[in-house]
Every structure is written in structure tokens, then in C-alpha cells.
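Undergrad: So that we are looking at the same thing, I have put the structure below in C-alpha cells.
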Amino acid sequence: MLETVKGLILRETPIGDYDKIMTVLTAEHGKISVFARGAKRLKSPLFTPTQLFSYSEMTLYRSASTYYIRQGALVESFYHIRDTLEGAALAGYLADVAADVSQEEQKEEALLRLILNCFYAIAGKIKPPEQIKAVFELRAAAEAGFRPDLVACAGCGKAALETYYFDVSDGIFRCEDCFRAAQTEREAAASRQSEADSIYHTGQLIALLSPSVFAAMRYTIYTRLERIFAFELEDDALRDFASVCEKYLLCHLERNFSTLDFYRSVCSPI
Ligand SMILES: [Zn+2]
């Protein structure tokens, strides 16, 4: 049975001289593997719609767990992502994360829309790469089931603070008073354990965040996807925002990405 879907090509692996197999993110089927026969031939009608980072309409035939592309039409090439090595490296990392967090044969409309928005932003250079990266990391973590609670202090319920004590691993925040109270409790509990345990217990990751950084995090989590880049941060705040969003994602996915190491090696400092 043939089916037509739109999908973003996250990865490609060459098979022999002319074929390739692609990891494609779709709204309807989540992440799928698509075999593209002859697509590496320059004269193949599949050559253009199967380029890495392209968003294409594909007519697919399914056999077992693999899809085979019969026809394709390019919707958006995101060609200008490749204007800079930094842009291309960032797209590679975002694609890698999307491939990691997406599920097979599950609806992934929100994640697809998120990464498409990010690719438009990279290609159009509408925001600093660090901001695009951070927004993607925090929102992708939320879409993957690790949505932080950024509404109110976990201790007393206060919502507006001078400093936000954000607990990266628990995805909650406290005000200073509640943070100190929780620390005292934690230390008391730890002192009843062995010394090694107490080091472990106090090794939690707490980020102290300013109101502007925390507002950016709230915006990223709670705003509609089409408005997700409509905010600005000063350089200092952007640096903190980028740092906490990256830590948050990596902490919850419990892994590193070689594409992130590569991006770091070519990105310009804020
Ligand atoms: Zn509190």
C-alpha cells in the first residue's frame, strides 16, 4: 500500500554506490527508516528530495519495518543552513537529538514542528545560534516527557523571585529560603549516611538563575511553537540560558552527542 507523508531527513547512511537509507521524522509515524533506491545518482528524481536536512513529501511503500520511497517532492531544502559551518553543525546536533528522542510509529507532530521552526531560524539567521540551540534543547526535553515545572517555588508557591534555584535533575525550582531549608534537610539526611553517600547527595545540580533567564525558560516551555523565538536576551543572560538548557537536556537523556562536541568545536562564543 502506498502512502504519502511529509518528513524531515535527519540522517542518511549510504548503501553501496547508489542507494541510501534515511532516518526521517514524520508527524504521523514518528521516526521511520526509509530506503531510497538509486537516490545517490545525480539524475535520479529522488536525488533532491532525499538530501540531508530536507523537508520533503514522500510517497512510501512499506514492507516489514522499512519504508521504501517511490516518489518525492522537495518542500523546503533549508539550503542556507549550510551557509556557515556553525549552522550546519547545529542542524546536525538538533537532528541527532530529534532522532534520539522520537519514537517509531508514534505521532511526533510537536517535535517535528519544533525542529522545523529551528531549521527555519538557522537558515534565516533570525536569532543567535546559541538561542536556537537552547530553545530546542529545553522544548525537546519537554516534548520527550521531561517537562520542567516552572510555575512556582516547589516549597512555598511563590512565582516571582530575585534568584531562581533551579534543580536541573528534578526539573523544579525553589526560592532562596525554601532552597536553604531543603538543603538543611538533605544534609541532615546525608549525615545519617556514610561520608561517600553524603558527597553523592550534595552533588545535585542547582543552577542559580536571574529573572530574565528564568523568564526565557518559562517562555520556551509555555509559549506556542510558532512564537518560540520571539524573545531577546542580553549576552550574559543568553550564556546562562544556553548553559542551563543544555545541561537540562543532557541530564535527562543521560547521554552525550558527538555532534554536540563538533558544534562546540566550531561555534562562535557568545
Ligand atoms: Zn519558596
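The values are calculated or read from the model by the stated rules, or taken from the named source; none is laboratory data. Bear in mind the structure is a predicted one, so any value in this text is a computation, not a measurement. Positions of Cβ are generated from backbone atoms using ideal geometry, with glycine treated the same way; all protein chains shown enter the neighbour counts. Ligands, DNA and RNA are excluded from the accessible area calculation, which covers all protein heavy atoms including side chains. Shrake-Rupley method; radii C 1.70, N 1.55, O 1.52, S 1.80 Å.
Undergrad: Stretch Arg218-Val151 to full length: gain in nm at 0.36 nm per residue minus the Cα-Cα span?
TA: Using 0.36 nm per residue and subtracting the Cα-Cα distance, I get 23.3 nm.
Undergrad: Then there's this: How high is the FRET efficiency between Ala181 and Ala110 when r is their beta carbon distance and R₀ equals 25 Å, given to the nearest 0.05? Working shown, then result.
TA: Details: r = 36 Å, r/R0 = 1.46.
Step by step, r from the Cβ atoms, then E = 0.10.
Undergrad: Let me ask something additional. Return the subset of Lys127/Lys247; Lys133/Lys247; Lys20/Lys133 for which the Cα-Cα distance in this structure is over 18 Å, preserving the input order. Mind dumping the intermediate values first?
TA: On the way: Lys127/Lys247 21 Å; Lys133/Lys247 12 Å; Lys20/Lys133 28 Å.
Over 18 Å Cα-Cα: Lys127/Lys247; Lys20/Lys133.
Undergrad: Applying 1/(1 + (r/R0)^6) with R0 = 30 Å to the Cβ-Cβ distance of Thr48 and Ile126, what FRET efficiency is obtained, to the nearest 0.05? Write down the numbers at each step before the final one.
TA: Values: r = 25 Å, r/R0 = 0.83.
According to the calculation, E is roughly 0.75.
Undergrad: What size of dipole, in debye to the nearest 20, comes out for segment 2-76 about its Cα centre when the only charges are +1 on Lys and Arg C-beta atoms and -1 on Asp and Glu C-beta atoms? Before the final figure, lay out the partial values.
TA: Details: 10 positive and 7 negative charges, 38 e Å.
It comes to approximately 180 debye.
Undergrad: Only Lys, Arg, Asp and Glu count, each charged at its Cβ (+1, +1, -1, -1), so figure out the dipole size of the chain about its Cα centre, rounded to 20 debye. The partial results should precede the final answer.
TA: On the way: 30 positive and 37 negative charges, 208 e Å.
The dipole magnitude comes to about 1000 debye.
Undergrad: Please return the longest range in the chain lying between exposed loop sites, taking GluC sites (Glu not before Pro), DSSP loop only, at most 13 other beta-carbon atoms within 10 Å, and leaving the sites out. Please list the in-between numbers first.
TA: On the way: sites that count: Glu105, Glu162, Glu232, Glu234, Glu254.
It runs 1-104.
Undergrad: With a/c under 1.5 counting as rounded, go ahead and sort segment 22-106 into rounded, prolate or oblate using the C-alpha gyration tensor (a ≥ b ≥ c being the square roots of the eigenvalues; past the cut-off, prolate if a/b is larger than b/c, else oblate).
TA: On the way: a/c = 2.18, a/b = 1.16, b/c = 1.88.
Judged from the Cα gyration tensor, segment 22-106 comes out oblate (a/c at least 1.5, b/c at or above a/b).
Undergrad: For the chain, report the accessible area per residue in Å² (1.4 Å probe, heavy atoms, rounded to an integer).
TA: Values: 13560 Å² over 270 residues.
Result: 50 Å² of accessible area for each residue.
Undergrad: Full-extension gain between Tyr61 and Arg41, please, as 0.36 nm times their residue separation minus the C-alpha to C-alpha distance.
TA: On the way: separation 20, 0.36 × 20 = 7.20 nm, distance 2.05 nm.
Answer, rounded to one decimal: 5.2 nm.
Undergrad: A follow-up question, please. Tell me the label-point distance for the pair Glu254, Arg239, using the 7 Å Cα-to-Cβ offset, in nm and rounded to one decimal.
TA: Going from the Glu254 label point to the Arg239 one covers 3.3 nm.
Undergrad: Let me ask you something else. Tell me the chymotrypsin sites (Phe, Trp or Tyr not before Pro) within segment 2-63 that lie in a loop according to DSSP and have at most 10 other beta-carbon atoms within 10 Å. It would help to have the intermediate numbers written out before the result.
TA: Details: sites: Tyr18, Phe35, Phe47, Phe53, Tyr55, Tyr61; in loops: Tyr18, Phe47, Phe53.
When the chymotrypsin sites (Phe, Trp or Tyr not before Pro) of segment 2-63 are filtered for loop state and at most 10 Cβ neighbours within 10 Å, nothing remains.
Undergrad: Please name which of Ser56, Tyr165, Ala181 has its Cα lying farthest along the dipole of the chain towards the positive end, using unit charges on Cβ (Lys, Arg +1; Asp, Glu -1) and the Cα centre as origin.
TA: It is Ser56.
Undergrad: While we're on this one: Roughly speaking, to the nearest percent, how much of the chain's 1.4 Å accessible area is carbon and sulfur? Don't jump to the answer; show the numbers that get you there.
TA: On the way: 6700 of 13560 Å².
For the chain, the apolar C and S fraction of the accessible surface comes to 49 percent.
Undergrad: Here's something else I'd like to know. Figure the gain on full extension for Thr4 and Phe231 (residue separation times 0.36 nm, minus the Cα-Cα span) and round it to one decimal in nm.
TA: Gain on stretching Thr4 to Phe231: 78.1 nm.
Undergrad: DSSP loop (so not H, G, I, E, B), at most 12 other Cβ within 10 Å: list which trypsin sites (Lys or Arg not before Pro) in segment 202-261 pass both filters. Present the calculation step by step, with values, prior to reporting the outcome.
TA: On the way: sites: Arg218, Arg224, Arg227, Arg239, Lys247, Arg255; in loops: Arg224, Arg255.
Within segment 202-261, the qualifying trypsin sites (Lys or Arg not before Pro) (loop, at most 12 other Cβ atoms within 10 Å) are Arg224, Arg255.
Undergrad: Once Lys and Arg get +1 and Asp and Glu get -1 on their Cβ, which of Ala39, Ala98, Leu111 lies farthest toward the positive end of the dipole of the chain?
TA: Ala39
Undergrad: So which aspartates and glutamates pass the test for Lys107, namely a Cα distance under 13 Å, with those fewer than 8 places away in the same chain ruled out?
TA: Glu28, Glu143
Undergrad: Can you pull the one-decimal nm distance between simple spin-label points at Leu74 and Asp17, each 7 Å off the Cα toward Cβ?
TA: Between Leu74 and Asp17, the label points sit 2.5 nm apart.
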